[in-house]
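**Q** The structure is given below, and queries will be raised subsequently.
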Amino acid sequence: MPAPVPPLPPPPSKAVADSPAEQTVSGPGHRLRLTLLMAGACLPILGAVLIAPVLPQMQDHFAHVPGVDALVPVALTVPALALALLAPFAGVLVDRLGRKRLLVVATVLYAVLGTAPLWLDSLGAIVASRALVGITEAAIMTCCTTLIGDYYSGRQRDRYLAMQTMCASISATAFFVLGGAAGSAGWRAPFWAYAVSLLLAPAMAAFLPRPRPDEHTDSPSLTVSEPTARRPFPWRPLAGTCALTVFGAVLFYTLQVEMAFLLDDMDVTDTGIIGLATAAASAAIVIGAIVFTKAGRSPQAWLPTAFGLCTVGFAVVWVAPNPVVLTVGAVINGLGGGLMLPSLLTFAMSKLHYADRGRGIGLWTGSFFLGQFLCPLVALALASAVGTLAGAMSVFALAGAVATAALGLASRRRRTGTAPEPVRQMAG
């Protein structure tokens, strides 16, 4: 929430962080614009889960290819790795080329590269095309998130960034079902879904306005002609947020990735039960994001609660005696994740000027997807170290508890530092 006005003008980055003024945007054009941005932000989720149900079919089709056991799973995960590594560079292009232009071009290329496996016969070429899809996803995700920051301000911007999390969670479930249904027609069939971006690209070109640096009063009072070199990029505050985002993404994704294995260790092999447990955790993510949008708390105030819920979730999963309790732990973890992601994103957004927003959001997006890529590797390493996957959850719980305590202490210091000094009564 806005801090008391200091006697002297604060540095620009602090002004953005502490004093977001809200200019509510509404109307039919606003609703269409928001729909296009939310749809665009769901495209990277499409790439992450759509082909998961057909991986066994792909593996059977390319059984003669050396290294197929590794290459087929890589075809699923390599877009996330490419997105993590290249999103910061996409952010530089966003600031230099313009958000709208890069978004439209990337959305068209997403369709071309995403549908490439329909006619490619080489598994290596398919994996390469998937890596290129990740590059376009980096540009799309960075542009959509940056444009939300450009078009909206204050609590309205926070709500729409949280809505991005909600849409991503809901679309992940929908795309998984779509991929499974399309897979009945062959392993290539789900790749047709990438062509949907050809419908989005012209709509984005026609209906997304070009943002202006002075569109909202929460942007610092800099003229367009003022050289960017005079205002240093906020590397130091953003670096801490990005590091926290990598860690938060690991906490967020670990149970989603490992849920089936944890249930399998409890002798639960029925895919329907596993799917129901996973769906319950996904629903909790949506609920957490809704709570974030409805409550009037600042992102900094939410962070200790979000990490604390994730920590409790890991602890419950660690000691769970049966699948029901394990699912309860996953739901608690998901609720914390639904609060965590919009809190981290809006916190990062608050540190950025218009001219830096593309680079800053690119760094944040890369950090988030880096955590997504690392989480199964970290879980595997911890399981090997402690002996069981359930035991690895105890390490995640311990790490989350440390982070929660640190964030709580930082939040308390921030409140103490901004509290007004009491008025002293003069004697007599």
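No value in this document is a laboratory result; all are computed from the given coordinates. Small disclaimer: the values here were computed from a predicted structure and weren't measured. When we count neighbours, we look across all protein chains shown, and the Cβ atoms used for this are built from the backbone with ideal geometry, even at glycine.
**Q** Going highest first, how would you order 157-166, 116-125, 233-242, 188-197 by mean Cβ packing within 10 Å?
**A** Top to bottom by mean Cβ count within 10 Å: 157-166, 188-197, 233-242, 116-125.
**Q** So, one more: Mind ordering 66-76, 146-156 by average Cβ neighbours within 10 Å, highest first?
**A** Result, highest mean first: 146-156, 66-76.
**Q** In percent, how large is the relative contact order of the stretch 113-194, given Cα pairs closer than 8 Å and 6 or more residues apart?
**A** 41
**Q** Hey, got the dipole for the stretch 224-360? About the Cα centre, +1 on K and R Cβ, -1 on D and E Cβ, debye to the nearest 20?
**A** Rounded to the nearest 20 debye, it is 1020 debye.
**Q** Hey, can you rank 330-339, 51-60 by average C-beta count inside 10 Å, highest first?
**A** 330-339, 51-60
**Q** Okay, moving on. Between ALA206 and ASN322, what is 0.36 nm times their sequence separation minus the Cα-Cα distance? Round to one decimal in nm.
**A** Length gained, ALA206 through ASN322: 36.4 nm.
**Q** How far, in nm, would the chain grow between LEU97 and ALA195 when pulled straight, counting 0.36 nm per residue and subtracting the alpha carbon separation? Mind showing how you got there, number by number?
**A** Working: separation 98, 0.36 × 98 = 35.28 nm, distance 2.48 nm.
Value of the extension gain: 32.8 nm.
**Q** Whole Å is fine, so just give me how far the alpha carbon centre of the stretch 346-392 lies from that of the stretch 82-131.
**A** Result: 21 Å between the Cα centres.
**Q** Something else: What FRET efficiency comes out for the pair ASP69/MET266, r = Cβ-Cβ distance, R0 = 41 Å, nearest 0.05?
**A** Between ASP69 and MET266 the formula returns 0.95.
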